[in-house]
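Everything on this sheet refers to the single structure shown next.
A short reminder: the numbers here are calculations on the coordinates, not readings from a lab. Remember, predicted model here, so these are calculated numbers, not experimental data. Cβ coordinates were reconstructed from backbone atoms using ideal geometry, including for glycine residues, and neighbour counts include every protein chain displayed.
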Amino acid sequence: MSRETPTVFPKWTPGTLDIHHIDTGCGNATLIVGPDGTAIVIDCGTSKDIPLGQDGSRRPGELVARYALRNSPSTTLDYLIATHVHPDHVGDVHSDKTAMGSGFQLTGLSDVDHLMPATLVIDRAYPDYGLRPPLRAPFADNYLAWLDARRRQGRQIARIAVGSTSQVKLRSPQDYPTFSIRTLAANGSVWTGTGHESRSLFPDLSALPPEALPDENKCSMAFLVSYGLFCYYTGGDLTCDTYDGRYPWMDVETPVAEAAGKVDVAVANHHGYFDACGPDFVGLLDAATYIIPAWHVTHPGMAQLQRMLGAWPGVKRRNVFATRMLPENGLVNSRFTSEMRSRQGHVVVRVEPGGGSYRIFVLDSSSELDYVTAEFGPYMCS
């Protein structure tokens, strides 16, 4: 239900799982606070050359770190994860030349690490990316320079382990045995559904012509978070576009959704862009709630929004939230926007102790006061 008089978002308490989808207006950023207080940030993008903040005075990475410090019981992070190396997920270079680290510019993830130091940074493949290295671009060079600096300082960096539930774990896993974070996919590999085993979705890359090589998005990490009966999916910028059937294996999204199975809450792949969130993605996950990390005029596509909503006659509607749907996109999607739960703000999934039910809170992202503008639920987990 909507609240006429906003209240401050209630603080995390032990036993509760909070998943914050942070609205920066220029990229993805997710904070997970586990039931024992374990703090995880997945992505922090800065896709525009702006030292931005709600008042124009702070960079997006600073905003995310400050948000995480307010909404986590810790002053440090246990894990800082980059789903893949694109500027709206790791941080772009910008015009603020005073924001420097040791050989790199503070932006996105490196900004977060500066203000809320992470024990472990997890990358998809650092330092050896094989045949699928990141793009040669200033944002990627800056990101790798940050990782190089961490390594020189003796700070931990790890390559993601697909299929594992032990690489990203709680500080006190024995206290919450029904909680787990499984890596479903990365670098074109997907969990088989057995143990910690994975299989490759890509053909022999060395035999492919340049135009058929998988792009960075298809190498994104995907995770399945489970707590009691509650299940949550997030998959970076995975896509299902096969170039109209020319390269069927480029549909990475569908086998990853199949590995995940039914979930309660899912994040839209690739911001709900035209090349993601296909029929199989929605059908296999069958989530009651979808969250779109939107920041661009193309987020989401019309078919993708209709599909996530279930906006067909006689179909029960699903909950759909966007972190920041731009006005131009709202015009394109005007057929469906009235059926969305919200179109701007931080979207917080709060799972009750034990993982039997969850609520959704929308927070005002125009300030750092964390006012609740709407609350939905409770929803029973399936």
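Which percent, to the nearest 5, of DSSP beta bridges fully inside the chain are antiparallel?
Numbers: 47 of 68 bridges.
So the antiparallel bridges amount to about 70 percent of the total.
What list of ³J(HN,Hα) values in whole Hz, one per residue of segment 99-113 in order, does the Karplus curve 6.51 cos²θ - 1.76 cosθ + 1.60 (θ = phi - 60°) give from phi, with Gly and Pro shown as x?
8, 10, x, 8, x, 8, 8, 6, 6, x, 4, 5, 5, 4, 5
Taking 0.36 nm per residue of sequence separation and subtracting the Cα-Cα distance, how much length would be gained by fully extending the chain between Lys262 and Ser172, in nm to one decimal?
In short, 29.7 nm is gained.
When the Karplus curve 6.51 cos²θ - 1.76 cosθ + 1.60 is applied with θ = phi - 60°, which whole-Hz ³J(HN,Hα) does each residue of segment 270-282 get, with x for Gly and Pro?
6, 6, x, 5, 4, 9, 9, 6, x, x, 5, 4, 6
If the elastic network links every pair of Cα atoms under 10 Å, which of Pro255, Pro203, Pro87 fluctuates the most in the Gaussian network model of the chain?
Largest GNM mean-square fluctuation: Pro203.
Among the trypsin sites (Lys or Arg not before Pro) within segment 52-123, which fall in a DSSP loop and have no more than 13 other Cβ atoms within 10 Å of their own Cβ?
Lys97
Stokes-Einstein D for segment 149-236 at 25 °C, 0.890 mPa s, Kirkwood Rh over Cα pairs, in µm²/s?
After rounding, the answer is 165 µm²/s.
Convex hull over the alpha-carbon atoms of segment 174-313: what's its volume per residue in Å³?
Cα-based convex hull of segment 174-313, divided per residue, equals 124 Å³.
Please rank Leu147, Leu77, fewest neighbouring Cβ atoms within 10 Å first, as an exposure proxy.
Ordered by Cβ neighbours within 10 Å, fewest first: Leu147, Leu77.
Quick one: what Rg and Dmax do you get for segment 79-202 from the alpha carbons, in Å?
In Å, with Rg to one decimal and Dmax whole: 15.8, 49.
Give me Rg over Rh for segment 76-139, both radii from the alpha carbons and Rh done the Kirkwood way, two decimal places.
Radius of gyration relative to Kirkwood radius: 0.96.
How large is ³J(HN,Hα) for each residue in segment 125-132, as worked out from phi by the Karplus curve 6.51 cos²θ - 1.76 cosθ + 1.60 (θ = phi - 60°), to whole Hz, x for Gly and Pro?
Rounded to whole hertz, the list is 7, 3, x, 10, 8, x, 7, 10.
With springs only between Cα atoms under 10 Å, which of Thr183, Thr83, Thr298 fluctuates most in a Gaussian network model of the chain?
Thr298
Taking the beta-carbon count within 10 Å as an exposure proxy, list Trp312, Trp295 from fewest neighbours to most.
On the way: Trp312 9, Trp295 24.
With the fewest neighbours first, Trp312, Trp295 line up as Trp312, Trp295.
What does DSSP give for segment 1-156 in terms of the percent of beta bridges that are antiparallel, rounded to the nearest 5? Mind showing how you got there, number by number?
Numbers: 10 of 18 bridges.
Once the DSSP bridges in segment 1-156 are tallied, antiparallel ones form about 55 percent.
Taking only the alpha carbons of the chain, what extent do you get along each of the three principal axes, in Å, biggest first?
Taking the Cα atoms of the chain, the three principal extents are 53, 47, 47 Å.
Determine the gain in length on full extension of the stretch Thr76-Ser338; use 0.36 nm per residue of separation and subtract their C-alpha separation, reporting nm with one decimal.
Stretched fully, the Thr76-Ser338 segment lengthens by 90.4 nm.
Full extension from Ser382 to Glu197: what is 0.36 nm times the residue separation minus their Cα-Cα distance, to one decimal in nm?
64.0 nm
Could you tell me which of rounded, prolate or oblate describes segment 235-382, using a ≥ b ≥ c as the square roots of the eigenvalues of the alpha-carbon gyration tensor, with rounded for a/c under 1.5 and, failing that, prolate when a/b is larger than b/c and oblate otherwise?
In terms of gyration-tensor shape, oblate.
In percent, how large is the relative contact order of segment 195-295, given Cα pairs closer than 8 Å and 6 or more residues apart?
24 percent.
If you average the alpha carbon positions of segment 281-306 and of segment 7-25, how far apart do those two centres end up, in angstrom?
Computed from Cα coordinates, the inter-centre distance equals 22 Å.
Would you please give the residues with an amide H less than 5 Å from that of Thr373, counting only those at least 5 places away or on a separate chain, with H modeled from the backbone geometry?
Close amide H contacts, sequence-distant or interchain: Val362, Leu363, Asp364.
Rounding to the nearest 20 debye, state how big the charge dipole of the chain is about its Cα centre with +1 on each Lys and Arg Cβ and -1 on each Asp and Glu Cβ.
Dipole of the chain, to the nearest 20 debye: 520 debye.
What ranking do Arg307, Arg246, Arg317 get, fewest neighbouring Cβ atoms within 10 angstrom at the top? Intermediate values should be presented prior to the final figure.
Values: Arg307 23, Arg246 9, Arg317 14.
Result, fewest neighbours first: Arg246, Arg317, Arg307.
Note the per residue figure in Å³ for the convex hull of the C-alpha positions in segment 330-382. Write out the running numbers ahead of the final one.
Details: hull volume 5.0 nm³, N = 53.
Spread over its residues, the Cα hull of segment 330-382 gives 93 Å³ apiece.
Quick one, can you get me the convex hull of the C-alpha atoms of segment 194-274 expressed as volume per residue in Å³?
108 Å³
Counting each DSSP H run of 4 or more residues in the chain as -39500 (n - 2.57), what helix-only mean residue ellipticity at 222 nm follows after dividing by all residues, to the nearest 500 deg cm²/dmol?
-5000 deg cm²/dmol
With the chain treated as a Gaussian network of Cα nodes joined by springs under 10 Å, which of Gly195, Gly45, Gly228 yields the largest mean-square fluctuation?
Gly195
Which of rounded, prolate, oblate describes segment 1-131, given a ≥ b ≥ c as roots of the alpha-carbon gyration tensor eigenvalues and a/c under 1.5 marking rounded, otherwise prolate only if a/b is larger than b/c?
oblate
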